[in-house]
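Before any comments, here is the structure.
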Ligand SMILES: NC(=O)c1ccc[n+]([C@@H]2O[C@H](COP(=O)([O-])OP(=O)(O)OC[C@H]3O[C@@H](n4cnc5c(N)ncnc54)[C@H](O)[C@@H]3O)[C@@H](O)[C@H]2O)c1
């Protein structure tokens, strides 16, 4: 069996999940893991038995790895991803693709010119609960779509993000915009965002975002770091039926003509594992991924416009 040679750049909290997945794939040879933190590299050696570790990601880029996963902090995505594409690697970079839309589109162009795959960590495209509801939307089970109500909450975790100035809009909204697009096939026409800084006084931790879409569809997103429970829910409301998706444990309940819900049978899957497999499959077959750079760039653009709406206290027409 020919193994695909892979490198991982960024082995923190989420990056070690990529390392774990690749280490367990029979058709993958995980050549290198890079992180600027020696502690994280030590942890990869101990937990996943990784031999080649480095604090300089150029070691990964100059190796004969065909593909790299980039899971570094958001502000480094552009620099590392650009260098990886220039070194001729296929790249899967975590969301958000970049912080600036122009940088995101530069990466899309670079991938196209060098004929390499640029995939973005829009994980929920690989969540079986979301996928099942997407099929229902396509089969007109809901009739006309009225609106999507999305709730993405968790408690702020200072032990994980001790002094990070992590913007909740940048952190969470790429997933939500991606899910909106994935389920409806559409992008918003306008965005209105209202937010508050309850925990830290200078950076919002809670926001409500309303978007109008073509076809009379509305979305309402609640994102917050103030609630104790991890909630990742999407309600789909249509003229004929409604559904509640609980994305964390992959449960879907549908409501038709009554308030008596019916659970749909979902075969729970390993979303990150399936995302990485689809990336590797696209490399070996020369095909494409659904979570491509264009989707990533468009969500970066929408994140920027959401922040603009919040800062300027007005609706942004796109
Ligand atoms: N798709 C998802 O559901 C999902 C979930 C969690 C995190 N993420 C994304 O993953 C990324 C990392 O998040 P995290 O929670 O693991 O953060 P983290 O801070 O735990 O990890 C980031 C790691 O990158 C390393 N790093 C920074 N610059 C580097 C460089 N130049 N070379 C090598 N390593 C470098 C840091 O040392 C750190 O270990 C973020 O972009 C985040 O948005 C995505």
0 to 90° range, to nearest 10: angle between helix 101-113 axis and the chain longest Cα axis:
60 degrees
Quick check on the exposure proxy: order 25, 172 from fewest to most C-beta atoms within 10 angstrom.
25, 172
How large is the Rg to Rh ratio of the chain when both quantities use alpha carbon positions and Rh follows Kirkwood?
0.97
Can you give the translational diffusion coefficient of the stretch 1-75 in µm²/s, computed by Stokes-Einstein from the Kirkwood radius over Cα pairs at 20 °C and 1.002 mPa s?
179 µm²/s
Mean separation of Cα contacts under 8 Å (6+ apart) over length of the chain, as relative contact order %:
19 percent
Using alpha-carbon positions, the gyration tensor of the stretch 1-131 gives root eigenvalues a ≥ b ≥ c; with a/c under 1.5 called rounded, otherwise prolate if a/b exceeds b/c, else oblate, the class is rounded
Provide the percentage of antiparallel DSSP beta bridges, counting only those with both residues in the chain; round to the nearest 5.
60 percent
Computed on Cα atoms, Rg of the stretch 80-190 relative to 2.2 N^0.38 Å comes out at 1.28
Neighbour-count order for 171, 64, fewest beta carbons within 10 angstrom listed first:
64, 171
Measure off 7 Å from each Cα along the Cα-to-Cβ vector at residue 189 and residue 109, then give the distance between these two points in nanometres to one decimal.
3.1 nm
Cα gyration tensor shape for the stretch 189-315, rounded if a/c is under 1.5, else prolate or oblate:
oblate
Compute the helix-to-body angle for 128-138: its Cα long axis versus the longest principal axis of the chain, expressed 0 to 90° and rounded to tens.
50 degrees
Angle in degrees between helix 77-86 and the longest Cα principal axis of the chain, rounded to the nearest 10:
50 degrees
Quick calc: nm separation of the 7 Å Cα→Cβ label points for residue 198 and residue 216 -> 3.5 nm
For the pair residue 288 and residue 27, what calculated FRET efficiency results from E = 1/(1 + (r/R0)^6), where r is the Cβ-Cβ distance and R0 = 22 Å, to the nearest 0.05?
0.65
Kindly provide the helix-only [θ] at 222 nm of the chain, computed as the sum of -39,500 (n - 2.57) over DSSP H runs of four or more divided by all residues, to the nearest 500 deg cm²/dmol?
-11000 deg cm²/dmol
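Taken together, the values in this text are just the output of simple stated rules run on the coordinates, not laboratory data. Everything numeric in this text was worked out from a predicted model, so none of it was measured. Reconstructed Cβ throughout: ideal geometry from the backbone, glycine too, with neighbour counts over all protein chains shown.
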